[in-house]
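Since the structure comes first, as structure tokens, the remarks are kept for the end.
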Amino acid sequence: MTGNDIRSRFLDFFAANNHAIIDSSSLIPQDDPTLLFTNSGMVQFKRVFMGEEKRDYTRASTCQRCVRAGGKHNDLENVGHTARHHTFFEMLGNFSFGDYFKEDAIRMAWDFLTVNLGLDKEKLWVSVFEDDDEAFALWEKIKDLPKGRIVRLGEADNFWAMGDTGPCGPCSEIHIDQGPDVGCGRPDCAIGCDCDRYLELWNLVFMQYYRDETGKMTPLPKPSIDTGMGLERVAAVMQGKHNNYDSDLFAGLISKIAGLSNKSYGQDEHVDTALRVIADHSRATAFLVADGMLPSNEGRGYVLRRIMRRAVRFGRSLGLQRSFLKEITAEVVITMKSAYPHLSEAADLLAKVVNNEEERFRETLDNGLGMLNSEIGRLQKAGSASVPGDFIFKLYDTYGFPVDIVRDVALEQGFSIDEPGFARAMEEQRALSKKSWKGGSLAAMPAGVKKLVTEGHKTGFIGYKTHRANSVIKGLVNHAGEAATMATHGERVSIFCPETPFYAEAGGQIGDQGEITGPNGTAKVLDTIIVADGIILHDTEVTRGSLALGEQVELKVMEGRRQRIACNHSATHILHAAMKSVLGEHVKQSGSLVTPERLRFDFTHFSPITTEELEKIEKIANEEIRANTTLDTALLGREEAIKAGAVALFGEKYGDRVRVVSIGNFSKELCGGTHVRATGEIGLLKITAETGIAAGVRRIEAVTGPEAFTIFQAQEKHLAKLATLLKVPAENLDAKIEKLVSTNKDLEKEVSRLTARLALSNIDGIIKSARMVGDTKVVATRVFLDSPKTLRELGDKIRDKLGSGIVVVGGEYQGKAALLAMVSRDLTDRYKAGNIIKEIAALVGGTGGGRPDMAQAGGSNPDKLNDALGAVYSIIAAQGPL
């Protein structure tokens, strides 16, 4: 029975038992800022379990894609070394939201395992929470469960909680006895042992209590069920394997990697570990990228980068010197696209992301190792045996160098690493980027907002059809977050009304501003935000009189501002479609900002957009604007909308019913924002900037309407001024400027040549700048370079004139730093030019090497040359005579 068979059987079984089959949610949690990645099946239902969201079903089943590689649930370092750990895995689960409870959950789990899958009942064991007599009794009613197979375990093993507070309850686990051959051999080996003999297959969580801040547990009025069973684990069991990586879910990937590296699986433990790591990490990479995640130096993006680079590093250990990860992730797509069709849609993007990251890592690896080896050399001289945490953080934060590689290199050279110091530096960085409570869990909300949520309030948004409406104040939240009954002149207060024409910030579009007026006062609406599912708050300042709970009010949106926002929002849809037509279908929106003044659009692409491509995008966009196409909106079922070709944007949470915004046949997107009635209202679009903001992510900024026209006028004015200064017609400016630039370059070359000749003629002056380091003369000087050979020529002359000593010469050539170190032959038994140049080169972002008497280096940071040359004396003093 294959892994695909088991997945299908599981979902079919629960569909037959009246469960709604729900698609796996994204690996990027939409409703839980406390999680790096979706790590279990219940994540997408968390708000349902908390009572904050209602669904039109009360029982559900999923096969959820999960990642555990960061934060509290981090299996990364164990992957490859054990039989069960994975960064990416699939979690089979069934859920009841106040519907069935323990008896049905136990019965269905037993039936699926023993009847549908046909597992041997004689090998199955069950554990329950030590105080859960109800579950114990229900299991005893299962006639096919052999007697004596129910074990009571403590809270650590069989009690589950969502957090310190919130829903919690006992759980029951189903285990399979794999036999003494895979056990620890101890006579007391039993359920709960850490060995693999009694393998947990399925965890049934019985959510029946609510735990408050004091630890008191109160029975829930509608207890629920949350279960989870790892597909990889049950597949291995069904196929008679004792290691998940030996199942068919990994066999094809491991075979592919083994073939590329000319290695065999099952012959050498070190090789097997590397093959498993690459197979697992390739799956995690493919699914994370397909869900919109891109490698970066922070947060989730850094975890992905670390996963990818760990795979590459293990590839090196197999002798894979060329790029290989793109081929393996492509194999993931081929083997798993039937279960997860979105992998196919992301295949082109995945190939580019992986190839780009692997190529970039080679440079990072070389530069990082150069800096690390220099630091270890310095520490050896100083008698230290630990790499400092702040240095490790610098490698990570500035250069994206993985901590686990630092650890490996340090251990190889007999060093430890200061992990607590690194953790402190990381924590300081995290503290700077903590997010506010907005959009967080109920427990983290201010009391005034929590009151609105628990009372079941919702806001009806009516702003698509009108910019003003009458409503009633049903909630006031003061600046301290507490519920209030009145706000007076000068106070900041958040106002809740059951209906509003004000659009709340979402999907990149900023919130509306305007005015709320009651019988006794007026408040200026400064912003509009969504603070919980379905609750919109107006952030206001009372400008006249007072506003009180229960008062009838008029809400008026600032219409001119709303119209400018609508123009820019519709323009982002047009830009998105234009970019897809010019750059390719791999272009996906990864962020946006829509304000009255401008728009910003972030998207996936792997190289700067050329001038010609930008012109074409802008041309297509303005053609669509001039066409004055009518925008149509429709409410459709989510799946129906996707099948009709509507583009769903990464990072947005969609309900079962979605709003589709169509611009003729040009664009169709799921969008809840406000838009123009026809594209002609936008008037004009002008792209103002195109930049890279992360690996594989570009950003376009643009303006529309009057702001765009103002830019054209300013550019005309600027051209006229330049034409006057250069005394040529505007149409001849480019030729005139090209001639001036060419002349200036020739003059700069002549200056460099003459300066270099001057330096050669001023050897005595350079020699006079020598300093004594101990008993050794040291010259460190910066010179102008007209060619690379000038550096060597000048170094030879200084060394010859100096006699006995050390010479370090540096200069800038074609935007790069160039360095030369020379040691007179009588000193090469005491100092090595190669050792000196390595440390200096690291300071300009480079590496180098050479003979004991002469070594050269280059670097990417010429602006650090003066600092590097200034450090020469201390570097030589620290190295000391050999």
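The values are calculated or read from the model by the stated rules, or taken from the named source; none is laboratory data. No experiment lies behind these values; they were computed from the predicted model shown. For neighbour counting, all protein chains shown are included, and Cβ atoms are generated from backbone atoms with ideal geometry for every residue, glycine included. Just so you know, the surface numbers come from the protein's heavy atoms only, side chains and all, with ligands and any DNA or RNA stripped out. Shrake-Rupley method; radii C 1.70, N 1.55, O 1.52, S 1.80 Å.
Yes or no: residue 402 touching a helix residue (DSSP H, G or I) at 6+ places or on another chain (Cβ under 6 Å) and within 23 Å of residue 282 (Cβ to Cβ)? Write out each step before concluding.
Working: touching a helix residue (DSSP H, G or I) at 6+ places or on another chain (Cβ under 6 Å): yes; within 23 Å of residue 282 (Cβ to Cβ): yes.
Considered against the rule, which asks whether it is touching a helix residue (DSSP H, G or I) at 6+ places or on another chain (Cβ under 6 Å) and within 23 Å of residue 282 (Cβ to Cβ), residue 402 comes out as yes.
Looking at residue 346 and the list (1) loosely packed, with under 13 Cβ neighbours inside 10 Å; (2) modelled with pLDDT of 85 or more; (3) under 29 Å from residue 331 (Cα atoms), which single condition is not satisfied?
(1) is the only condition that residue 346 fails.
Return the pair list, or none, for Cβ contacts closer than 7 Å from residues in segment 781-803 that are farther than 24 Å from residue 815 by Cα to residues that are at pLDDT 85 or above and among the basic types (Lys, Arg), at least 6 apart or on different chains.
Short answer, once both residue conditions are applied: 802/777.
Got a sec? Which of 283, 276, 313, 306 is of a type in the set (Lys, Arg), touching a strand residue (DSSP E or B) at 6+ places or on another chain (Cβ under 7 Å) and assigned to a helix (DSSP H, G or I)?
Testing whether each residue is of a type in the set (Lys, Arg), touching a strand residue (DSSP E or B) at 6+ places or on another chain (Cβ under 7 Å) and assigned to a helix (DSSP H, G or I) leaves just 283.
Within segment 81-139, how many residues turn out to be among the aromatic types (Phe, Trp, Tyr), part of a loop (DSSP other than H, G, I, E, B) and over 40 Å from the mean Cα position of the chain (by Cα)?
Start the filter on segment 81-139 by keeping residues that are among the aromatic types (Phe, Trp, Tyr), which leaves 88-89, 95, 97, 100-101, 110, 112, 125, 129, 136, 139.
Now narrow it down to the ones that are part of a loop (DSSP other than H, G, I, E, B): 97, 100-101.
Filter once more, so that each one left must be over 40 Å from the mean Cα position of the chain (by Cα): none.
Final tally of qualifying residues: 0.
Report the residue count in segment 1-40 for those that are modelled with pLDDT of 90 or more, among the β-branched types (Val, Ile, Thr) and surrounded by fewer than 17 Cβ atoms within 10 Å (Cβ to Cβ).
Count: 2.
Condition first: open to solvent by 10 Å² or more (accessible area, probe 1.4 Å) and of a type in the set (S, T, N, Q). Can you find one or more residues in segment 304-321 that meet it?
yes
Residues that are of a type in the set (A, V, I, L, M, F, W, C), free of Cβ contacts under 8 Å to residues at least 60 places away in the same chain and under 27 Å from residue 395 (Cα atoms): does segment 850-866 have at least one? Don't jump to the end; show me each part of the working.
First pass over segment 850-866, keeping only residues of a type in the set (A, V, I, L, M, F, W, C): 854-855, 857, 865.
With the extra rule that they be free of Cβ contacts under 8 Å to residues at least 60 places away in the same chain, the set shrinks to 854-855, 857.
Next, from what is left, pick out any that are under 27 Å from residue 395 (Cα atoms): 855, 857.
Yes, there is a match, as at least one residue in segment 850-866 is of a type in the set (A, V, I, L, M, F, W, C), free of Cβ contacts under 8 Å to residues at least 60 places away in the same chain and under 27 Å from residue 395 (Cα atoms).
So that you can scan it fast, the table gives a plain yes or no per residue for (1) of a type in the set (Val, Ile, Thr); (2) surrounded by 12 or more Cβ atoms within 10 Å (Cβ to Cβ):
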site: 745; (1), (2): no, no
site: 750; (1), (2): no, no
site: 767; (1), (2): yes, yes
site: 774; (1), (2): no, no
site: 779; (1), (2): yes, yes
site: 794; (1), (2): no, yes
site: 810; (1), (2): no, yes
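Looking at this structure, is residue 375 at pLDDT 85 or above, within 26 Å of residue 859 (Cα to Cα) and among the charged types (D, E, K, R)?
yes
Of all strands (runs of 3 or more DSSP E) completely enclosed by segment 526-633, which ones contain at least 1 residues that are open to solvent by 50 Å² or more (accessible area, probe 1.4 Å) and under 30 Å from residue 353 (Cβ atoms)?
599-604
Determine whether segment 700-711 contains at least one residue that is farther than 30 Å from residue 570 by Cβ and part of a helix (DSSP H, G or I). Show your work before the answer.
Of all residues in segment 700-711, those farther than 30 Å from residue 570 by Cβ come to none.
No: segment 700-711 contains no residue that is farther than 30 Å from residue 570 by Cβ and part of a helix (DSSP H, G or I).
Restricted to segment 190-222, and to residues that are in contact with a Phe, Trp or Tyr (Cβ under 8 Å, 6 or more places away or on another chain) and surrounded by fewer than 19 Cβ atoms within 10 Å (Cβ to Cβ), which residue is farthest from residue 40 (Cα to Cα)?
So the residue we want is 190.
For the structure I just gave you, tell me whether residue 688 is within 30 Å of residue 28 (Cα to Cα), modelled with pLDDT of 90 or more and in contact with a Lys or Arg (Cβ under 9 Å, 6 or more places away or on another chain). Step through it out loud before you land on a result.
Values: within 30 Å of residue 28 (Cα to Cα): no; modelled with pLDDT of 90 or more: yes; in contact with a Lys or Arg (Cβ under 9 Å, 6 or more places away or on another chain): yes.
No; evaluated as a whole, the condition is false for this residue.
Considering each of 767, 798, 711, 806 in turn, give the residue that is farther than 20 Å from residue 869 by Cα and touching a strand residue (DSSP E or B) at 6+ places or on another chain (Cβ under 9 Å).
711
Any idea which of (1) in a helix (DSSP H, G or I); (2) surrounded by fewer than 18 Cβ atoms within 10 Å (Cβ to Cβ) is the one residue 869 doesn't satisfy?
Against the list (1) in a helix (DSSP H, G or I); (2) surrounded by fewer than 18 Cβ atoms within 10 Å (Cβ to Cβ), residue 869 comes up short only on (2).
Suppose we filter segment 678-729 for residues that are among the basic types (Lys, Arg) and over 43 Å from the mean Cα position of the chain (by Cα); how many remain? Give the derivation first.
At the first step, the residues of segment 678-729 found to be among the basic types (Lys, Arg) are 686, 698-699, 717, 721, 727.
Those left that are additionally over 43 Å from the mean Cα position of the chain (by Cα): 717, 721, 727.
Of the residues in segment 678-729, 3 are among the basic types (Lys, Arg) and over 43 Å from the mean Cα position of the chain (by Cα).
Got at least one residue in segment 696-707 being farther than 30 Å from residue 632 by Cβ and either of a type in the set (Val, Ile, Thr) or open to solvent by less than 50 Å² (accessible area, probe 1.4 Å) (or both)?
yes
Mind listing whichever residues of segment 209-265 are within 30 Å of residue 167 (Cα to Cα), part of a helix (DSSP H, G or I) and not hydrophobic (A, V, I, L, M, F, W, C)?
232, 233 - these are the residues of segment 209-265 that are within 30 Å of residue 167 (Cα to Cα), part of a helix (DSSP H, G or I) and not hydrophobic (A, V, I, L, M, F, W, C).
When segment 412-457 is examined, which residues are found to be open to solvent by 70 Å² or more (accessible area, probe 1.4 Å), modelled with pLDDT of 75 or more and either part of a helix (DSSP H, G or I) or of a type in the set (Ser, Thr, Tyr) (or both)?
419, 420, 424, 427, 428, 451, 454
I'd like to verify a number: residues in segment 239-257 that are closer than 20 Å to residue 82 by Cβ and open to solvent by 10 Å² or more (accessible area, probe 1.4 Å), how many?
Selection size over segment 239-257: 9.
Quick one: would you say residue 557 is touching a Cys at 6+ places or on another chain (Cβ under 8 Å) and either at pLDDT 95 or above or of a type in the set (D, E, K, R) (or both)?
no
Does segment 832-849 hold any residues that are under 24 Å from residue 774 (Cα atoms) and either open to solvent by less than 10 Å² (accessible area, probe 1.4 Å) or free of Cβ contacts under 8 Å to residues at least 24 places away in the same chain (or both), and which are they?
833, 834, 836, 837, 840, 841
Scan segment 506-525 for residues that are assigned to a loop (DSSP other than H, G, I, E, B) and either within 22 Å of residue 451 (Cβ to Cβ) or among the small types (Gly, Ala, Ser) (or both) and jot them down.
Result: 507, 508, 511, 518.
Which residue pairs have Cβ atoms closer than 9 Å, lie 6 or more positions apart in sequence or on different chains, and pair a first residue in segment 306-329 that is at positive phi with a second residue that is surrounded by fewer than 22 Cβ atoms within 10 Å (Cβ to Cβ) and hydroxyl-bearing (Ser, Thr, Tyr)?
Between residues of segment 306-329 that are at positive phi and residues that are surrounded by fewer than 22 Cβ atoms within 10 Å (Cβ to Cβ) and hydroxyl-bearing (Ser, Thr, Tyr), the close pairs are 319/261.
If I go through segment 620-660 residue by residue, how many of them are β-branched (Val, Ile, Thr), touching a strand residue (DSSP E or B) at 6+ places or on another chain (Cβ under 7 Å) and at pLDDT 95 or above?
Filtering segment 620-660 down to residues β-branched (Val, Ile, Thr) leaves 620, 625, 629-630, 633, 642, 647, 658, 660.
Right, trim to touching a strand residue (DSSP E or B) at 6+ places or on another chain (Cβ under 7 Å) and you get 625, 629-630, 633, 647, 658, 660.
Of the ones still in play, those that are also at pLDDT 95 or above are 625, 629-630.
Result for segment 620-660: 3.
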